[in-house]
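Report on the structure given below.
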Amino acid sequence: MKNRSFISKYPGITGALLIFLFSGGCAGLSSQLKVKTVESDLGNHRGVALVSGMKGCENLYLDQNSLRLYVTDLHGYIHLINGPSRSDLKLVKSKMVAGEFALGVGAGPDGYLYVAASERDWMKQGGSVYRVDRDLEKTEKLTGNLPGINGLAFDQSGNLYVAASNMSFWRPRGAIYLMKIGPDGKFTPPEVWTGGRKIVNGMYFSGKDNRLYFSETLSGVYQLLPGRGQVEKVFAKAKTMDFFDDLCQDQAGNLWVADPGSGSLKEYIPGSGEVIRFKIRGIGQVSSCRIRIENGEEIIYLTELKQNPNKMLSGPFDGRGVFSMPLAELEKNNK
């Protein structure tokens with residue numbers, strides 16, 4: 001497994017940009033958001049579980065009909081986790097998808113997993129979409145290379161959306177690609193669905209809202225309605241060091257966003273326009289989050305990218321694995 005820093009993943013970042021980010025550059029900040037920070041200790045939360053044995057975990061897919069979950073990492077692997085109960089979940093199997101990064105992951109209408117992964121030189125040469133069976137036995141490369149490939153998501157019709165960008169912090173250019181599913185179950189080659197974007201990162205399709213939510217690393221969260229290519233802003237950054245990684249939605253319709261920049265997890269409440277920034281001491285940099293109902297309770301799963309929440313721009317991707325806890329444990333501190 002390779003030892004990579006944030007700068008190796010985002011090679012467009014330079015010393016001058018670091019000075020800008022850390023010295024108060026504030027273009028594009030949202031002045032209308034109501035932001036609240038809630039701090040807590042991991043040990044004070046009920047029902048916390050950690051599945052270890054992985055490093056630099058990136059993205060998540062939760063099976064909705066079992067306790068299975070799948071995790072990608074920044075060493076090129078996809079991992080299968082399973083067990084008789086959440087407290088007994090463990091790493092069952094790992095498979096290298098490609099030789100560099102494994103990023104976005106989701107399940108298609110055919111029941112197979114789809115993974116965005118890179119063989120080498122992720123930013124320039126790019127990565128591809130791979131189809132992987134759920135027992136991690138077979139891997140099939142489906143597309144050519146898309147530079148800076150990242151998150152992916154399926155809509156309710158089974159169409160696949162893929163994020164890609166040049167990862168440049170100076171002149172960011174990105175797009176969301178669409179792969180339409182045909183009557184025969186096969187996908188069309190990726191075509192630009194909406195261009196003119198920046199560093200497109202995490203993606204989540206909401207069946208509740210029937211829309212695609214996606215994040216741009218340096219600017220905020222956006223939404224798109226199926227059948228339209230028109231992008232609408234949901235909420236933007238509230239301070240200079242706000243970053244946006246993968247995201248998901250709870251049963252109440254609130255959006256949860258991983259922020260590796262501040263080592264926190266953000267909740268956006270649409271009705272009030274409020275952002276709650278949860279800083280959990282004991283968890284490092286969170287890269288992805290997903291929620292599912294288990295025994296009538298919403299459980300949130302979090303991937304740890306790095307152990308040190310203050311080392312976003314340096315150090316290895318050494319996150320310990322996947323944390324989970326009842327979502328109510330976070331909400332109880334926001335009282």
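The values are calculated or read from the model by the stated rules, or taken from the named source; none is laboratory data. Everything numeric here is computed off the predicted structure, so don't read it as measured data. Cβ: placed from backbone, ideal geometry, glycine included. Neighbour counts: every protein chain shown.
Below, the figures for the structure above:
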read-out	value
Residue match in segment 282-299 (condition: part of a strand (DSSP E or B), under 14 Å from ASP73 (Cβ atoms) and in contact (Cβ under 8 Å) with a residue 60 or more places away in the chain)	yes
Among (1) out of contact with any helix residue (DSSP H, G or I) (no Cβ under 8 Å at 6 or more places or on another chain); (2) at pLDDT 95 or above, the one test that GLY47 misses	(1)
Condition check for GLY271: surrounded by fewer than 21 Cβ atoms within 10 Å (Cβ to Cβ) and farther than 20 Å from VAL48 by Cα	yes
Selected residue (criterion: nearest to the chain's Cα centre (by Cα)) from residues of segment 297-312 that are at pLDDT 95 or above and surrounded by fewer than 17 Cβ atoms within 10 Å (Cβ to Cβ)	GLU298
Hits in segment 165-211 (condition: out of contact with any Gly (no Cβ under 6 Å at 6 or more places or on another chain), among the charged types (D, E, K, R), part of a strand (DSSP E or B) and closer than 25 Å to SER287 by Cα)	ARG211
VAL129 in contact with a strand residue (DSSP E or B) (Cβ under 7 Å, 6 or more places away or on another chain), in contact (Cβ under 8 Å) with a residue 60 or more places away in the chain, over 21 Å from CYS289 (Cβ atoms) and part of a strand (DSSP E or B)	yes
Count - residues of segment 283-296 that are of a type outside the set (Lys, Arg), touching a strand residue (DSSP E or B) at 6+ places or on another chain (Cβ under 6 Å) and surrounded by fewer than 21 Cβ atoms within 10 Å (Cβ to Cβ)	1
GLY99 outside any loop (DSSP other than H, G, I, E, B) and either at pLDDT below 95 or small (Gly, Ala, Ser) (or both)	no
Qualifying residue in segment 177-195 (condition: closer than 24 Å to PRO260 by Cα and modelled with pLDDT under 95)	no
Exclusive hit being at positive phi and either modelled with pLDDT of 95 or more or in contact with a Leu (Cβ under 7 Å, 6 or more places away or on another chain) (or both), set GLY315, GLY321	GLY321
